[in-house]
There are 2 protein chains.
Amino acid sequence: MAAVWHCQAVTSASTVGAVRQGSLRELNLAVVLRRIAAAERPPSRAGLAAGTGLTRATVSAVVDDLIAGRLVAEAEPAPRTGAGRPARGLVLAADGPAGLGLEVNVDYLAACVVDLTGTVRHHLVRRADLRPVSPTDALTRLAALADEARAAAVRDGLTLAGAVLAVPGLVDDDGLVRLAPNLGWRDVDVPALLAGHPLAEPVDGVPALVVENEANLAALGELYAGPAGPRSFLHVTGEIGIGAGIVLDGSLYRGTRGWSGEIGHVPVQPQGRPCRCGGQGCLERYAGQEAILAAAGLPGAELPADTAATRLADLAGAGDAATLSALADAGTALGVAVAGVVNLLDLDTVVLGGGYAPLAPWLCPPVVAEISRRVLTAAWSPVTVRPAVLGAQSAAVGGATSVVRRIVDRPTGWLARTG
Amino acid sequence: MAAVWHCQAVTSASTVGAVRQGSLRELNLAVVLRRIAAAERPPSRAGLAAGTGLTRATVSAVVDDLIAGRLVAEAEPAPRTGAGRPARGLVLAADGPAGLGLEVNVDYLAACVVDLTGTVRHHLVRRADLRPVSPTDALTRLAALADEARAAAVRDGLTLAGAVLAVPGLVDDDGLVRLAPNLGWRDVDVPALLAGHPLAEPVDGVPALVVENEANLAALGELYAGPAGPRSFLHVTGEIGIGAGIVLDGSLYRGTRGWSGEIGHVPVQPQGRPCRCGGQGCLERYAGQEAILAAAGLPGAELPADTAATRLADLAGAGDAATLSALADAGTALGVAVAGVVNLLDLDTVVLGGGYAPLAPWLCPPVVAEISRRVLTAAWSPVTVRPAVLGAQSAAVGGATSVVRRIVDRPTGWLARTG
DNA sequence: GCCATTTAATTCAACCGCTGAACAAATCGC
DNA sequence: GCGATTTGTTCAGCGGTTGAATTAAATGGC
């Protein structure tokens, strides 16, 4: 009764398209590149051959293609192993393609550049309250910031291979922001408003800019920052609203329309406080930033999100009773909602991100308590609740990283471009 | 800003293993076979070539292999199209491999045989209250039923390619039933108890029997019974407990340990009725069979699940006030829980299965009402709530079908066996 | 210091499976 | 019956992997 078979036995396999002659090389380029990206230390061609099951001859040929395409480079400090000819270590190229991550949020604009190795090469942030600013003006400012980031990347010899814009709201497949409540946006057509800017011009038929929900990208950032391999977790970001990014078996689950992760309106008190969504007792009314601040006796409805979180963390650290009680209540409400998700999706990890990250020392215990109480399977395998490793603006980093991860997953597009 | 890129842009690609020389043929066998399986009417070799992008020559060679392996047959009534040489239609072979689906439930044992085309060729059901029966005895009776089904399959010229056992409980990867509360099972090692029976003997290193949760298999059955192509839905089965199977992008999501779908203990009333799980106000206490029966003023705690459901449907159809009120309340509770799931996963369909299916006329309206009230995105794209198309014992059918679907998805294993 | 040993990477003929075009087969319309 | 049309097969050609032989570059024992 092998477990090996089980995990794939019952699930329907993914639909792979037709495999033509050239697909062979295409697939092996991806296999080898992914392996180089996932390796702990720079692997040798021989090691890759042993690991993938391909011949050393094939690996050599594939690696030659990758080096010619500036995706891979040979590491100088060759790893010594003992006798024999020393291996030449292979690493992802740090001077090849890079991803541009952008973010529009309530109180800041951000742009960052991430190279193929996942290193954040540049990170620009402009603080400003964008609620009173029109979408057009906000995007104009964002475009200027993007130009700055692009210039910095070019100075480093990097080539931008794509851009992703993080928005705190519901985004359509064509880049239309349906609704971003905390930003005051409704039906904002980002590509149209950016018309004329290089960001909006497709390259080789591929859109240069992808617009995506902030919580999804933050979860992706967390996925990439963690260890390689398939993992499943829920990434909860607490700002003014509460969003969740869902990673299942190592890939982001976006939902049928990309609108997954709306956890803020899970009812935690069906007969409870009315919510602006029309429902009652929604999580947001108990664990949202405003609710926590109010319960802690702080005014700060106008506080920037991260300021509010640090303020609360300071107070809690100092032992302020009202704050501690507010955080305990918020944690319990969050725990009720998260326990439902864990029961439903059988996750082994919950990550607290965004404004929750600095508050994790006080939020984790009640969340864990609710999970232990409500999750039947927690008795057999514990659920880890931990703060996010990425700090603020993790969505921009996640978006930028997704661009380069896409190249690692399907290098052919990039290789075709540079001939 | 093409939508095409978007849907895969941000998600991490699936990990494909190394692609060796022979993998090309292996992959194309799967591509062509899947295409034949998914086609509305028997496709021709030329049509397959046009659809897959492969050459007619390649398709011919691949189809020859498939016919030699008894997976595909030529359909007699050649589909006429007009001028030109008539095409020879290709269909899945009805006399090749078949899957055996088994089910142990509270009040029946079931076994069914499904051939490659998805047709249920045999379906045996033994009604009996299995709660007082020991796991050993239950599995012995099941083995006898399986032998009967196998004999019937052999008489039809079918070859059983695998078996799946559906159990209403939590199953480990190695076939250990951790907990099946309504059956009274705890830590039942199914493979060990079946030792000696052909079911427990691995063939070619692949386990002959896979044990899986009933709700997951019912959802798979619903997936296979519906139209082809990736779909995402939640399949809720209401029996004594409430389980859910989650299908995302056309494949079953099993969770990190295969324990996904525990929706029965989502809190719908946090300060509400205590539950045997230790929590409070769980869905099961409001929309479970016992709760509905009690609210309708019926005694029948000992009623078999399907009997109870039909009884309730009869009463509701006759206009019994208590029953209508009980169903409305249960529907509302179910709607609260389901709305949370739809918000979280952005699903476009919810299927009511098991005991809920006959009650759908009365349950759907309150469920839809709660979804409209609580799902923000429902304004842009409606959520369909509908009863399951498969009737009772859908888990056994789903399990049996998963065996043959696996062959369609990866035909190489089967082809290697028959030389 | 020299040489056997060991491991890494490359080269090259052989081979597998897809490609594209030419060809044979079978039916319809006139 | 004959051309038009579409299906299916055959076959030389080719891209890409395979496996063995070869070269490259280090370590370690004497």
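The values are calculated or read from the model by the stated rules, or taken from the named source; none is laboratory data. The structure displayed is predicted, hence computed values, not measured ones. Ideal geometry is used to build each Cβ from the backbone, glycine not excepted, and the neighbour counts take in all protein chains shown. The protein model used for the area step is the full one, side chains on, heavy atoms only, and it has no ligands, DNA or RNA in it. Shrake-Rupley method; radii C 1.70, N 1.55, O 1.52, S 1.80 Å.
Structure values in brief
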read-out: Residue tally, condition at pLDDT 95 or above and either touching a Lys or Arg at 6+ places or on another chain (Cβ under 7 Å) or farther than 15 Å from B:A357 by Cα (or both), over the stretch B:224-247; value: 3
read-out: Filter result (of a type in the set (A, V, I, L, M, F, W, C) and open to solvent by 10 Å² or more (accessible area, probe 1.4 Å)) within the stretch B:310-332; value: B:A313, B:L315, B:A318, B:A321, B:A322, B:L324, B:A328
read-out: Residue in the stretch A:301-316 that is β-branched (V, I, T) and more than 20 Å from B:L344 (Cα to Cα) present; value: yes
read-out: Filtered residue count, the stretch B:126-170, keeping only those that are of a type outside the set (D, E, K, R) and more than 20 Å from B:W185 (Cβ to Cβ); value: 11
read-out: Boolean, A:A291 is at pLDDT below 95 and farther than 21 Å from B:T377 by Cβ; value: yes
read-out: The listed residue being open to solvent by less than 20 Å² (accessible area, probe 1.4 Å), facing chain B (nearest Cβ under 9 Å), touching a Gly at 6+ places or on another chain (Cβ under 6 Å) and under 22 Å from A:A166 (Cβ atoms), out of A:G238, A:G264; value: A:G264
read-out: B:G89 more than 14 Å from chain A (Cβ to nearest Cβ), at positive phi and within 14 Å of DNA strand C (Cβ to nearest atom); value: no
read-out: Sole exception among (1) away from chain B (no Cβ under 14 Å); (2) modelled with pLDDT of 95 or more for A:G96, by number; value: (2)
read-out: Filter result (open to solvent by less than 50 Å² (accessible area, probe 1.4 Å), in contact (Cβ under 8 Å) with a residue 40 or more places away in the chain and within 11 Å of another protein chain (Cβ to nearest Cβ)) within the stretch B:15-50; value: B:L29, B:A30, B:R34, B:L48
read-out: Single condition A:W362 does not satisfy, out of (1) surrounded by 24 or more Cβ atoms within 10 Å (Cβ to Cβ); (2) in contact (Cβ under 8 Å) with a residue 40 or more places away in the chain; value: (1)
read-out: Residues within the stretch B:74-104 that are within 13 Å of DNA strand D (Cβ to nearest atom) and among the aliphatic types (A, V, I, L, M), tallied; value: 6
read-out: Filtered residues of the stretch B:267-276 (kept if facing another protein chain (nearest Cβ under 7 Å) and open to solvent by 40 Å² or more (accessible area, probe 1.4 Å)); value: B:Q269
read-out: Count - residues of the stretch B:318-347 that are without any contact (Cβ under 8 Å) to a residue 40 or more places away in the chain, more than 14 Å from chain A (Cβ to nearest Cβ) and either part of a helix (DSSP H, G or I) or within 27 Å of the chain's Cα centre (by Cα) (or both); value: 8
read-out: Test: A:A57 is closer than 18 Å to A:T401 by Cβ, within 16 Å of DNA strand C (Cβ to nearest atom), of a type in the set (A, V, I, L, M) and free of Cβ contacts under 8 Å to residues at least 40 places away in the same chain; value: no
read-out: Strands (runs of 3 or more DSSP E) contained entirely in the stretch B:62-113, each with at least 1 residues that are open to solvent by less than 40 Å² (accessible area, probe 1.4 Å) and touching a Phe, Trp or Tyr at 6+ places or on another chain (Cβ under 9 Å); value: B:97-104
read-out: B:P411 open to solvent by less than 50 Å² (accessible area, probe 1.4 Å) and either aromatic (F, W, Y) or modelled with pLDDT of 90 or more (or both); value: yes
read-out: Lone unmet requirement of (1) farther than 30 Å from B:A392 by Cβ; (2) assigned to a loop (DSSP other than H, G, I, E, B); (3) open to solvent by 70 Å² or more (accessible area, probe 1.4 Å) for B:P132; value: (1)
read-out: Whichever residue in the stretch B:51-60 is buried (at least 16 other Cβ atoms within 10 Å of the Cβ) and either within 9 Å of DNA strand D (Cβ to nearest atom) or part of a loop (DSSP other than H, G, I, E, B) (or both) and, among such residues, is nearest to the other protein chains (Cβ to nearest Cβ); value: B:L54
read-out: Sole exception among (1) open to solvent by 20 Å² or more (accessible area, probe 1.4 Å); (2) within 14 Å of chain B (Cβ to nearest Cβ); (3) not aromatic (F, W, Y) for A:V125, by number; value: (2)
read-out: Selection status of B:V133, farther than 15 Å from B:I36 by Cα, among the β-branched types (V, I, T) and either in the same structural domain as B:R45 (by TED's automatic domain parsing) or in contact with a Lys or Arg (Cβ under 6 Å, 6 or more places away or on another chain) (or both); value: no
read-out: Residue tally, condition facing chain B (nearest Cβ under 9 Å), under 30 Å from A:V351 (Cα atoms) and either touching a His at 6+ places or on another chain (Cβ under 8 Å) or open to solvent by 10 Å² or more (accessible area, probe 1.4 Å) (or both), over the stretch A:182-211; value: 1
read-out: Criterion: under 23 Å from A:R410 (Cβ atoms), hydroxyl-bearing (S, T, Y) and away from chain B (no Cβ under 14 Å) - qualifying residue of A:T136, A:T159; value: A:T159
